[in-house]
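All remarks here apply to the structure that follows.
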Amino acid sequence: LELWDRYIRWTEQTFPKSGQENNIHMILERCAVQFEKDKRYANDPRYLSIWLRYIRFCPDSLDLFIYLNSHGIGIELAEFYHAWASAYENAGNTKKADFVYNQGIQLGARPLTILQVKHREFQFRVARNLSLEAPAEVAGASGGGGFIPDAQPEERTTLGDLRGVGKRHKAPTVRVGEATLGLGGGLGSS
C-alpha cells in the first residue's frame with residue numbers, strides 16, 4: 001500500500017490537472033480493488049484516502065459509501081463518516097447526513113473529537129439554513145393578509161382568476177390597483 005500511495009501522490013503532483021491528463025481515477029480504482037479484501041488495510045487512513053479520492057470521480061458516490069460501509073472499509077475512521085455525511089449534505093439529505101455522523105460517533109470512530117466537531121459544524125449549518133428559509137416561509141404563509149415591505153402586488157388580467165393561497169387555496173380578498181375598498185366598505189376609485 002505504501003508504494004501505491006507514493007505513486008498516486010507522485011502522479012497527482014506531476015500531473016496536477018485534476019486527474020484528467022494523468023488518468024488518476026483509473027490508478028485509484030486499481031489500487032482500491034487490489035487491497036479490497038486485505039483486512040490489514042480496511043481501516044488504514046492511507047487506504048481510506050485512496051477510496052475518498054476515487055469517490056470524487058464517481059457520480060454515484062453515495063452508493064460507494066454504502067458499499068465501503070458494508071465491507072468494513074474505513075468504518076473505524078472519523079474521516080469516513082465526515083466524507084459520507086458531506087456527500088449526503090451536498091445531495092440535500094440532511095437527515096441521512098446527521099444519521100451518518102451519529103453512527104460514527106456511536107461507533108467511536110477515531111479521532112472522535114474531530115468527528116464531534118464536524119458534526120457540530122454540520123448542525124450549525126443546518127440550523128443557519130433553516131433560519132434563513134424561515135422568514136421566506138412566514139412571508140409566503142401570510143396568505144395575502146399581511147404586508148410585506150418592498151413586495152410588488154401581483155396583478156391579474158381583466159376578469160382573470162385570482163390565484164389561491166395557503167393550504168385551502170383561498171383567493172386573497174385584498175384589492176390592488178384602482179379597485180380598492182372605499183371608506184364606506186364598497187369598491188371605490190382612488
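The values are calculated or read from the model by the stated rules, or taken from the named source; none is laboratory data. For clarity, every value in this text was computed on a predicted model and none was experimentally measured. The protein model used for the area step is the full one, side chains on, heavy atoms only, and it has no ligands, DNA or RNA in it. Shrake-Rupley method; radii C 1.70, N 1.55, O 1.52, S 1.80 Å.
Once the piece of chain linking residue 5 and residue 33 is laid out straight, how much longer is it, given 0.36 nm per residue of separation minus the C-alpha distance between them?
Working: separation 28, 0.36 × 28 = 10.08 nm, distance 1.37 nm.
Result for the pair: 8.7 nm of gain on full extension.
Got the relative contact order for the stretch 16-131 handy, in percent, Cα pairs under 8 Å and 6 or more residues apart?
Numbers: 93 pairs, mean separation 22.1, N = 116.
Relative contact order for the stretch 16-131 comes out at 19 percent.
Taking amide H positions as placed in the peptide plane 1.01 Å from N, state which residues far from residue 110 in sequence (5 or more) or on other chains have amide H under 5 Å from it.
77, 78
Any idea of the accessible area per residue across the stretch 29-118, 1.4 Å probe, to the nearest Å²? Intermediate values should be presented prior to the final figure.
Details: 4900 Å² over 90 residues.
Averaged over the residues of the stretch 29-118, the accessible area is 54 Å².
Roughly how many Å is it from the Cα centre of the stretch 102-128 to that of the stretch 17-93, as a whole number?
19 Å
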